[in-house]
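Undergrad: Have a look at this one before I ask anything.
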Amino acid sequence: MEPHPGDVVLVPLNRREEVGVVWDAAADQSVPDSKLKAIAGIIDTPPMRPALRQFVDWVASYTLAAPGEVMAMALRVVAPGIGAPTTGWQRADPPTEARITPARQRVLDALAEHAPRSTADLARTASVGASVVRSMADAGLLVPTVLPVAPPFALPDPEHPGETLAPDQQAAATALRQAVAARAFSVTLLDGVTGSGKTETYLEAVAECLRQGRQALVLLPEIALSSQWLERFERRFGVAPAVWHSDLTSRVRRVTWRAVAEGAAPVVVGARSALFLPFPDLGLIVIDEEHETAFKQEEGVVYHARDMAVVRARFCAAPAVLVSATPSLETLANVEAGRYHRLTLPTRHGGAVLPAVAAIDMRATPPERGHFLAPPLIEAVRQTLARGEQAMLFLNRRGYAPLTLCRHCGHRMQCPNCTAWLVEHRVRRSLQCHHCGHAVPIPEECPACGAAHSLVPVGPGVERITEEAAALFPEARRLVMASDTLPGPDAAAAAAHAIAAREVDLIIGTQIVAKGWHFPHLTLVGVVDADLGLAGGDLRAAERTVQLLHQVAGRAGRAEAPGRVLLQTFSPEHPVMQALVEGDLAAFMAREAAQRRPGGWPPYGRLAALIVSADDAAGADALARDLGRSAPHAEGVEVLGPAPAPLSVLRGRHRRRLLLKTRRDVAVQPILREWLGKVAVGRGARVEVDVDPVSFL
Ligand code: ADP
Ligand code: ZN
């Protein structure tokens, strides 16, 4: 059989067969014919279409990743030789008496969230051998069951009766429908205050896309936290959409991939990796919460899904819709330059008003010694609970305390693999590194001086705030929302239902509470440490803090009862606090723009980071110095560094950073390629390239 461009093929490579795609680039004449090998076979799967191949090339070129690495993201699921199994396992109910080893426990845990699963799938998720699964079946701990044939890919009905849109929503929806019907590339920012009904509005664009017979993709920053979104989609269209994220079982993943490729999944909602799905006819991409940093992938191919979504939309001749109540400065600058359209929903839906925001000056009304909630916040929570309404305390820090030190000798408990303190998790009785996962039991005595019971927690995490709240409001029903207390989509969905059903009075949470939740009975939000995000001091620290706190604040007062937000801060006069209190985000963003423009910082200039790492400090320094010496010199180009990375050791690797800063009209990729070509990278060393960096750690 003659292979054609786009065909997915098996190719011999070393001693193995690898999956590849026939590319239609000009042949590489530098490789002699004698070195070439024949294709081993063509895989029976839909070919990769030109628009996706173009996109893969574009992403590789922009991010400086190897094209094969990007292609692999689009192909991950079609590895040959694995037939989809039809039987799986679920937990025996009631459980039988049998020895539960840690490995067996992991299997049971894996089944708690996603019953049922196949043997291979269980073995992979629980990191056990297939024999463990079989022995558990023999012991009666697992019972066989038929796996569902396929996820539902029913056709969402665009004419299914939805909500009646308010006039502002109607106007925006009409504009979005027109953009979809035009079957042409465009980018629109849909910006509206929290609770203004943006979702309902852009679902009309999805409906139009269905009428046009094209597929729609909706990207959400954290799909595991999107149960309410999925329920809303179902209400609007009568059926569930296809979902795509890293938690899917390999079987569902495979079936979904194929359904997308065959056009049988009309709407996909997914995490950033959904961008590489093989849509034959993509007619709309929505990026909800476009300001979210979760859209940036920091490992492997380093890319920003929001920016790449716009590129994919261009290759598909489809509109992209960016949605946010707190748009990024990047997007606002594109609006201002006339590259993006803008639609605005200025008021909350159904007459709800935006919450009143006030700062609590922690210097004037400090908490009691050793406590973290100031008297005005405590009083506000008390009143809210007394009215039978819900309150939320927000602190963007997991665990009990961010630092543990010895009060005898001052020793600080540090991660052996990273430049980071170990975070106490009291519930799990351990000290954990939030960067590499290293965990140790809390020691009885100080490892430095040997003093007994001398280790003390410093500063709060959500666990500690929960403890304080339990003492203050013992009768309130509490719920902690953090990634480690709500480990999966089902747990998060259950929490959301419990809150909506008023089974909870007080919610204590990390940044996951800031995600688009709609909790109608929540009227008070207390921010425990509003200054927290400002400490890092990177380029976007202020912007990100305003966005995060405004989103958290936006959870309050979304129904009839008005909401109230209190920010505990040591600098109420800080422009970030002022912007939140006055509710004037536009003025704040204008000020940010005015600060970044003169220095040519993004979005008014370009950045690319080089992250050097090596097994030892000397290796990292040597390579960083080499890069520094061969740094490019040109008009409008500047190199900052090398300097130790803030996380100067991460997972045992020593890290240095350099930053390339250029004018906006300079293309950074050719400069980076030439620069990297001048430097030899030795054994154990590595240079990672991060174009348009979001993190500076
Ligand atoms: P946003 O995404 O802008 O924060 P949402 O889309 O979550 O706002 O809308 C807030 C609430 O108002 C949701 O519960 C939503 O279901 C409801 N809502 C929005 N538009 C309408 C409408 N036209 N009719 C009825 N309810 C609506
Ligand atoms: Zn670590």
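Undergrad: Do we have any residue at all in the range 381-392 that's assigned to a loop (DSSP other than H, G, I, E, B) and modelled with pLDDT under 95?
TA: No.
Undergrad: Identify the single condition in (1) touching a Leu at 6+ places or on another chain (Cβ under 8 Å); (2) at pLDDT below 95; (3) within 12 Å of ligand 2 (Cβ to nearest atom) that Gly437 does not satisfy, given that it satisfies every other one.
TA: For Gly437, the failing item is (1).
Undergrad: Further question on the same structure: Since Gly536 meets every condition but one in (1) modelled with pLDDT under 95; (2) assigned to a loop (DSSP other than H, G, I, E, B); (3) crowded, with 21+ Cβ neighbours inside 10 Å, which condition does it not meet?
TA: (3)
Undergrad: A follow-up question, please. I'd like to verify a number: residues in the range 198-228 that are of a type in the set (Lys, Arg) and more than 23 Å from the chain's Cα centre (by Cα), how many?
TA: 2
Undergrad: Of the residues in the range 307-330, how many are more than 16 Å from ligand 1 (Cβ to nearest atom), closer than 20 Å to Gly554 by Cβ and within 18 Å of the chain's Cα centre (by Cα)?
TA: 1
Undergrad: Quick check on this structure: which one of Val321, Val357, Val268 is under 30 Å from Glu467 (Cβ atoms), outside any helix (DSSP H, G or I) and either within 16 Å of ligand 2 (Cβ to nearest atom) or touching a residue at least 24 places away in the same chain (Cβ under 8 Å) (or both)?
TA: Among Val321, Val357, Val268, only Val357 is under 30 Å from Glu467 (Cβ atoms), outside any helix (DSSP H, G or I) and either within 16 Å of ligand 2 (Cβ to nearest atom) or touching a residue at least 24 places away in the same chain (Cβ under 8 Å) (or both).
Undergrad: Given Cys418, Cys446, which one is surrounded by 14 or more Cβ atoms within 10 Å (Cβ to Cβ) and within 16 Å of ligand 2 (Cβ to nearest atom)?
TA: The match here is Cys418.
Undergrad: For the range 148-171, enumerate the residues that are touching a strand residue (DSSP E or B) at 6+ places or on another chain (Cβ under 8 Å), modelled with pLDDT of 90 or more and part of a loop (DSSP other than H, G, I, E, B).
TA: Of everything in the range 148-171, just one residue is touching a strand residue (DSSP E or B) at 6+ places or on another chain (Cβ under 8 Å), modelled with pLDDT of 90 or more and part of a loop (DSSP other than H, G, I, E, B), namely Pro156.
Undergrad: From the list Gly410, Gly399, Gly459, which residue is closer than 28 Å to Leu647 by Cα and within 22 Å of the chain's Cα centre (by Cα)?
TA: Gly399
Undergrad: Let me ask something else. If you scan the range 347-365, which residues turn out to be farther than 14 Å from Leu165 by Cα, within 16 Å of ligand 1 (Cβ to nearest atom) and either touching a strand residue (DSSP E or B) at 6+ places or on another chain (Cβ under 8 Å) or among the hydroxyl-bearing types (Ser, Thr, Tyr) (or both)?
TA: Listed by number, the list holds a single entry, Pro355.
Undergrad: Just checking, how many residues over the range 422-443 are in a strand (DSSP E or B) and either exposed (fewer than 15 other Cβ atoms within 10 Å of the Cβ) or touching a Ser or Thr at 6+ places or on another chain (Cβ under 7 Å) (or both)?
TA: 5
Undergrad: Look at the range 52-79 and say how many of its residues are modelled with pLDDT under 90, part of a helix (DSSP H, G or I) and in contact with a strand residue (DSSP E or B) (Cβ under 7 Å, 6 or more places away or on another chain).
TA: Result for the range 52-79: 2.
Undergrad: I'm trying to understand the selection: among the residues of the range 474-501, which are assigned to a loop (DSSP other than H, G, I, E, B) and either closer than 23 Å to Leu549 by Cβ or within 16 Å of ligand 1 (Cβ to nearest atom) (or both)?
TA: Across the range 474-501, the qualifying residues are Ala482, Ser483, Asp484, Thr485, Leu486, Ala501.
Undergrad: Follow-up question, since we're still on this one. If you check every pair at least six apart or on different chains, which have Cβ atoms under 6 Å apart with a residue in the range 558-572 that is within 17 Å of Phe394 (Cβ to Cβ) and more than 16 Å from ligand 2 (Cβ to nearest atom) first and a residue that is assigned to a strand (DSSP E or B) and polar (S, T, N, Q) second?
TA: Matching pairs, first to second residue: Gly563/Thr523.
Undergrad: Further question: Quick one: how many residues across the range 431-453 are free of Cβ contacts under 8 Å to residues at least 60 places away in the same chain and either within 16 Å of ligand 1 (Cβ to nearest atom) or under 26 Å from the mean Cα position of the chain (by Cα) (or both)?
TA: Number of matching residues: 7.
Undergrad: Does His453 count as within 16 Å of ligand 2 (Cβ to nearest atom) and either of a type outside the set (Ser, Thr, Tyr) or touching a helix residue (DSSP H, G or I) at 6+ places or on another chain (Cβ under 7 Å) (or both)?
TA: So His453 fails the test.
Undergrad: Given the structure, is Thr201 touching a residue at least 40 places away in the same chain (Cβ under 8 Å) and farther than 30 Å from Pro116 by Cβ?
TA: Yes; evaluated as a whole, the condition is true for this residue.
Undergrad: Would the range 641-661 turn up any residue that is more than 16 Å from ligand 1 (Cβ to nearest atom), β-branched (Val, Ile, Thr) and under 30 Å from Glu330 (Cβ atoms)?
TA: No, that holds for no residue.
Undergrad: Let me ask something else about it. Regarding Ala482, is this residue in contact with a helix residue (DSSP H, G or I) (Cβ under 6 Å, 6 or more places away or on another chain) and surrounded by fewer than 20 Cβ atoms within 10 Å (Cβ to Cβ)?
TA: no
Undergrad: Of these, Val504, Val513, Val456, which one is within 16 Å of ligand 1 (Cβ to nearest atom) and more than 23 Å from Leu697 (Cα to Cα)?
TA: Just a single option satisfies the conditions, and that option is Val513.
Undergrad: Among the residues of the range 387-409, count how many are surrounded by fewer than 19 Cβ atoms within 10 Å (Cβ to Cβ), closer than 11 Å to Val458 by Cβ and not aliphatic (A, V, I, L, M).
TA: So the count comes out to 1.
Undergrad: Criterion first (among the acidic types (Asp, Glu) and within 16 Å of ligand 2 (Cβ to nearest atom)) does Glu424 satisfy it?
TA: yes
The values are calculated or read from the model by the stated rules, or taken from the named source; none is laboratory data. Predicted model only: the values in this text are computed from it and were never measured. In this analysis, Cβ positions are derived from the backbone assuming ideal geometry, glycine residues included, and neighbour counts consider all displayed protein chains.
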